[in-house]
Amino acid sequence: MRDLFTLFAGSGNPELAEAVGREVGVSLGARVIERFPDGETFVRLEQPVRGHQVFILQPTGPPVNDNLVELLSFVDACRRAAAATIIAVVPYFGYARQDKRHGHREPVTASMVAYLLQAVGANHVVTVDLHAAQIEGFFHIPVDCLTAVPTLCEALRPVLPKELIVVSPDEGRVKMATQYAQRLNATVAVLHKRRETATKTRVTHVVGDVRDKACLIIDDMISTGGTIAEAIEALLAAGARPEIVVAATHGPLLESARQKLSQESVRTLLVTDTIAPVIRNWPKLQVVTVAPVIASAIRRLLASESLSNLY
Ligand code: R5P
């Protein structure tokens, strides 16, 4: 069975794919990825996959569109090369934030990406901490959504201040905040936000007693850093101690995030390597690997074992 198994890496995060390959004990499949002069993507598998169980590890983080098209091209190539099963391992699932229409005449891009993956031939998707669990419902194939929360909690233990409260930056992250709080034996506060414009929100209420507490703000992702910066402002205004730790599964971390989160009250930021780290040399930032979690999922899928305790 192991002979009929191949793990390919897209260019979204080859370091993570290498690490997963080492954990599973396989070398990455040979492939070529190029760009045509006009920007189109070209992918070629350099080894046969006929009858194989193929895993393609490709997060669709920035550059999101290139990484997405590359993933779709890999799946299409595997299907045309007669792979038996094609498993898209998408540690960060881009376009997930548009999981419903917020206004008239808008797309639901999470549904669109699910449709595209299935249309090109993916048989199964493995991902990590989807923006919203119900995105699974856009698929008609199995979706295993792993979680980085236990991994992040272990990495957080040595850096957490005393008298800690876990803070969800919005209503959508309450379940995740509760999972952190249970593991870290802390309570939860929730911030309520109001959307002021398409790109600007404002925290209107802090639900929970954060006065004189150190805060662990959690989120599924940090992109511009705007959500976390607003949360910090509201927490400090509500009397929280200027001892803030931030943890998020995905770190697209645009340059503005460093500017917004370099303030003194932020002690440490933790993200995982679902997306290849873009910002380096930032002493506050720690990147924790999810390679063991993904490798464990792959091993179990190869052995047809349950993944339920990786959720
Ligand atoms: C929002 O719904 C998400 O869960 C994140 O809070 C948000 O996408 C983070 O983005 P940014 O860092 O740009 O505020």
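FYI, it's all coordinate maths here, none of it is from the lab. Values in this document were obtained by computation on a predicted structure and should not be read as measured data. Quick reminder, even Gly has a Cβ in these numbers, built from the backbone with ideal geometry, and neighbours come from all protein chains shown.
Computed quantities for the displayed model
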{"read-out": "Karplus (6.51, -1.76, 1.60) ³J(HN,Hα), θ = phi - 60°, over the range 157-171, in Hz, Gly and Pro reported as x", "value": "3, x, 10, 7, x, 7, 6, 9, 10, 8, 10, 8, x, 7, 5"}
{"read-out": "Efficiency of FRET from Cβ geometry, GLU106 and ARG22, R₀ 51 Å, rounded to 0.05", "value": "0.75"}
{"read-out": "Environment charge at ALA148 (Cβ cut-off 10 Å; Lys +1, Arg +1, Asp -1, Glu -1)", "value": "-3"}
{"read-out": "Extension gain (nm, one decimal) between GLU46 and ALA119, 0.36 nm per residue minus Cα-Cα", "value": "23.9 nm"}
{"read-out": "Spread of Cα-to-Cα distances over 5 Å intervals beginning at zero, given as percent, for the range 149-288", "value": "2, 11, 23, 25, 22, 13, 4, 0"}
{"read-out": "For the chain, alpha-carbon Rg relative to the globular expectation (2.2 N^0.38 Å, N residues)", "value": "1.03"}
{"read-out": "Segment THR178-ARG280, extension gain: residue separation times 0.36 nm, minus the distance between their alpha carbons", "value": "33.7 nm"}
{"read-out": "Nearest-ten-degree value, helix 64-80 long axis tilted from longest Cα axis of the chain", "value": "30"}
{"read-out": "Length added when fully stretched, GLU264-ILE33, from 0.36 nm per residue minus Cα-Cα", "value": "78.9 nm"}
{"read-out": "Label-point gap, in nm, between ALA133 and ARG194 - each point 7 angstrom along Cα→Cβ", "value": "3.0"}
{"read-out": "The range 1-72 - convex hull of alpha carbons, volume per residue in Å³", "value": "86"}
{"read-out": "When each of LYS162/LYS193; LYS100/LYS200; LYS162/LYS213; LYS260/LYS284 is checked by Cα-Cα distance, pairs over 20 Å", "value": "LYS162/LYS193"}
{"read-out": "Rounded to 10°, Cα long-axis angle of helix 226-237 versus longest principal axis of the chain", "value": "20"}
{"read-out": "Protection proxy ranking of 102-112, 126-136 - average other beta-carbon atoms within 10 Å, highest first", "value": "126-136, 102-112"}
